[in-house]
Amino acid sequence: MRAVLQRVTSASVVVDGEVVGALDSPGLLVYLGITHDDGEPEVAWMARKIRDLRIMPEEKSVAELGAPVLVVSQFTLYGDARKGRRPTWVAAAPGEVSEPLYEAVCAALEAAGTHVERGVFGADMAVASVNDGPFTVVIETP
């Protein structure tokens, strides 16, 4: 499992002209990619890391600040463009594997007390954000 975390002052996701998820206060925008061998251990690790990583202002975490998180599914995080001119997506898990794990990460964050907004899995989404810093970090499960 791979994620790009961006510290934001605001962010939103629009699908078919409708806002489906939004952060109106400082928090994290998380792009989440899932690969074939991900499962429950990776879900727990990723949710814990997103919640507890001290990347918010004053070296605080989302958990410490009660900050919200907007999670957007992003299979392209597993794109491989090392060869040729077209990336390949073979490392990205198919939707029937990745959608339940995406939902499980969101649910684990919510169960831990984090306010979670979501994109729409598999949809063509327009994501807008105002980065804070900018501060962006890539994390990957061990």
If N is the residue count of the chain, its Cα Rg over 2.2 N^0.38 Å rounds to 1.01
For the chain, what does the accessible surface come to per residue with a 1.4 Å probe? Please give it in Å².
53
Give me the dipole magnitude in Debye, nearest 20, for the chain about the Cα centre, with unit charges on the beta carbon: positive for Lys and Arg, negative for Asp and Glu.
580
Counting only DSSP beta bridges with both residues in the chain, tell me the antiparallel percent, nearest 5.
75
³J(HN,Hα), Karplus 6.51/-1.76/1.60, whole Hz, each residue of segment 114-125, x for Gly, Pro:
8, 6, 10, 10, 10, x, 10, 4, x, 7, 7, 10
From the P(r) of segment 69-112, can you give the percent of Cα pairs sitting at distances over 11 Å?
71
So how do Glu18, Glu58 rank on accessible area, 1.4 Å probe, biggest first, that is with the largest at the start?
Glu58, Glu18
Going by a ≥ b ≥ c, the root eigenvalues of the Cα gyration tensor, does segment 1-69 fall in the rounded group (a/c under 1.5), the prolate group (a/b larger than b/c) or the oblate group?
oblate
Scalar couplings 3J(HN,Hα) for segment 25-40 by Karplus 6.51 cos²θ - 1.76 cosθ + 1.60 (θ = phi - 60°), nearest whole Hz, x for Gly and Pro, are 9, x, x, 10, 9, 10, 9, 10, x, 10, 10, 4, 9, 6, x, 4
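The values are calculated or read from the model by the stated rules, or taken from the named source; none is laboratory data. Keep in mind it's a predicted model, so treat the numbers as computed, not measured. Virtual Cβ from ideal backbone geometry, glycine too; neighbours counted across all protein chains shown. For accessibility, only protein heavy atoms count, side chains too; no ligands or nucleic acids. Shrake-Rupley method; radii C 1.70, N 1.55, O 1.52, S 1.80 Å.
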